[in-house]
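Trainee: For reference, the structure I am asking about is given below.
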Amino acid sequence: MSTEAHRSIDVNVFKWILSNEFFNNVLIDRSDILALVQKISSAEIRFPGIEIDVKKETGRIKFHQFGFREKTDFKIEIKKDVFESETVIILVPIKVYDLEDVVKKMPVPYCHKGKKLSLLLGDTFERLKVKSQNILQNSANDDQITHYAKKNIQVALRNCYEARMLLVKIQKLGKRKPIFLAFMVNVFMINVLSYLFKMFSAYHEDKKNEKDKQKAALYDVIDYNVIMEPEVEYVSKKKIVENVMINDNYKVKWNGPVNKLLTAIYDLQHTMNEENDPMLEAEIKVLQEIISNVILDKKGNPINKLTVKTCLSESRDDKRAHGNKKFDVKKYFDL
């Protein structure tokens, strides 16, 4: 491991998500979640000299230091910086990490944009955990771990403050979805802070009970008249779907590849109208119920719920149809 790993401020990545470049782009960006992960989590490593033994140098890279669990989780790109006389090796993520922990008090994303932001935050959190565990396991001494813990916790506290200020600013605009997303980010930042305190409890004590202080500060700035409305709207929509009775006599048979149909549904979820809302907006769980109860495959069997969930998940592009094997749904809309 590089002796400089303990000097990294790895929680800075959450500040980047809060910035206009990422937070606002999640609201408008039509690219998939992997593209966003690649923008924010690619790692650039510079080596002196234009002519280097790339295979040898890449073999020495401690990929855990850069938030990758396995060597198969990234691809390598090589660039030559002739002005600096350096070779640049870039580690580019090729998969999205699913959030393994349950983030306490995390509101359920009720819209497409919320799901995308939640996936981006979850992937970033998982990469932070890999980096933190790497510090604990491979640092030269306890002083290095203490230095890493102190600096990252300081920046995590700053992230909590900036997320709170973002919420204050957005609440003034009165737009529901951005307010909900900003609130969601605040909850996530507090959980990141809590994780760091627990992970490095032997090296940096939380004498001031910072997590509870940050929660109290968040509650102080929340305008409950607006923040609760999206949740009520989500619950209301869910209840309406649950009350729908599907008659067994009404079934639809699909005689093509199942993933071609599910890819079309996925694309409709990711095709935006003029108001920048998805043409088809629904929870995956709802679509699982409807599709598995109503549509039969060419053999006359109900489409498996797990198949539906897999094909409609942002991170499972490998299971969807591509090229001329998929429907071009966008040609049906004047967008």
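No lab work stands behind these numbers, since they all come straight from the coordinates. Owing to the predicted nature of the structure, the values given are computational and were not obtained by experimental measurement. Reconstructed Cβ throughout: ideal geometry from the backbone, glycine too, with neighbour counts over all protein chains shown.
Trainee: Would you grab the residues whose amide H sits under 5 Å from the one on Glu86? Only those 5+ places off in sequence or on another chain, please, with H modelled 1.01 Å from N.
Mentor: Correct list: Gly49, Asp81.
Trainee: Using a cut-off of 22 Å between alpha-carbon atoms, which lysines can reach Lys298, once sequence neighbours fewer than 8 places away in the same chain are excluded?
Mentor: Partners found: Lys251, Lys253, Lys260, Lys309, Lys319, Lys325, Lys326.
Trainee: In what sequence, highest mean first, do 203-214, 295-306, 64-75 appear when ranked by Cβ atoms within 10 angstrom?
Mentor: The packing order, highest mean first, is 64-75, 203-214, 295-306.
Trainee: Using the Cβ atoms and a cut-off under 10 Å, what net charge is assigned to the surroundings of Lys305, where Lys and Arg are +1 and Asp and Glu are -1? Working shown, then result.
Mentor: On the way: positive: Lys285, Lys309; negative: Glu289.
Combined, the nearby Lys, Arg, Asp and Glu give +1.
Trainee: A 19 angstrom limit on the alpha carbon distance is what I want to check against. Which of Lys39/Lys79; Lys71/Lys151; Lys62/Lys151 exceed it? Write down the numbers at each step before the final one.
Mentor: Numbers: Lys39/Lys79 17 Å; Lys71/Lys151 28 Å; Lys62/Lys151 22 Å.
In this structure, Lys71/Lys151; Lys62/Lys151 exceed 19 Å between Cα atoms.
Trainee: List Met189, Met272 from most exposed to least, where exposure is judged by having the fewest other Cβ atoms within 10 Å.
Mentor: Numbers: Met189 28, Met272 16.
Final ranking by Cβ density, sparse to dense: Met272, Met189.
Trainee: While we're here: Could you please rank Glu77, Glu289, Glu274, placing first whichever residue has the fewest other Cβ atoms within 10 Å of its Cβ? Present the calculation step by step, with values, prior to reporting the outcome.
Mentor: Numbers: Glu77 12, Glu289 17, Glu274 8.
Result, fewest neighbours first: Glu274, Glu77, Glu289.
Trainee: Pull out the extension gain between Met272 and Asn255, defined as 0.36 nm times the separation in residues minus the alpha carbon to alpha carbon distance; nm, one decimal. Present the calculation step by step, with values, prior to reporting the outcome.
Mentor: Details: separation 17, 0.36 × 17 = 6.12 nm, distance 2.80 nm.
Full extension from Met272 to Asn255 adds 3.3 nm.
Trainee: Ordered by residue, what ³J(HN,Hα) values in Hz, to whole numbers, does the range 50-61 give under the Karplus form 6.51 cos²θ - 1.76 cosθ + 1.60, where θ = phi - 60° and Gly and Pro are x?
Mentor: Ordered by residue, 3J(HN,Hα) equals 7, 9, 10, 7, 4, 4, 5, 5, 5, x, 8, 5 Hz.
Trainee: Once amide H atoms are placed 1.01 Å from N in the peptide plane, what residues at a sequence separation of 5 or more from Leu296, or on another chain, have their amide H within under 5 Å of its amide H?
Mentor: Val252, Lys253, Trp254
Trainee: Moving on to the next point. Rank these for me by crowding, Asp123, Asp328, going from fewest to most other beta carbons within 10 Å. Walk me through the numbers before you get to the answer.
Mentor: Details: Asp123 25, Asp328 9.
Exposure proxy ranking, most exposed first: Asp328, Asp123.
Trainee: So what are the ³J(HN,Hα) numbers for the range 195-206, from phi and the Karplus equation (6.51, -1.76, 1.60; θ = phi - 60°), rounded to whole Hz, Gly and Pro as x?
Mentor: 4, 4, 5, 6, 5, 10, 4, 7, 10, 8, 7, 8
Trainee: Also, quick follow-up: Would you pull out the residues with amide H under 5 Å of Phe74's amide H, same chain only if 5 or more places away, H placed 1.01 Å from N?
Mentor: Result for Phe74 returns Ile94.
Trainee: Which of Ser313, Ile265, Leu296 sits closest to the plus end of the dipole of the range 244-332, meaning its Cα is farthest towards the positive end, when Lys and Arg get +1 and Asp and Glu get -1 on the C-beta?
Mentor: Leu296
Trainee: What is the distance in Å between the Cα centres of the range 301-316 and the range 119-168?
Mentor: If you average the Cα positions of each part, the centres end up 34 Å apart.
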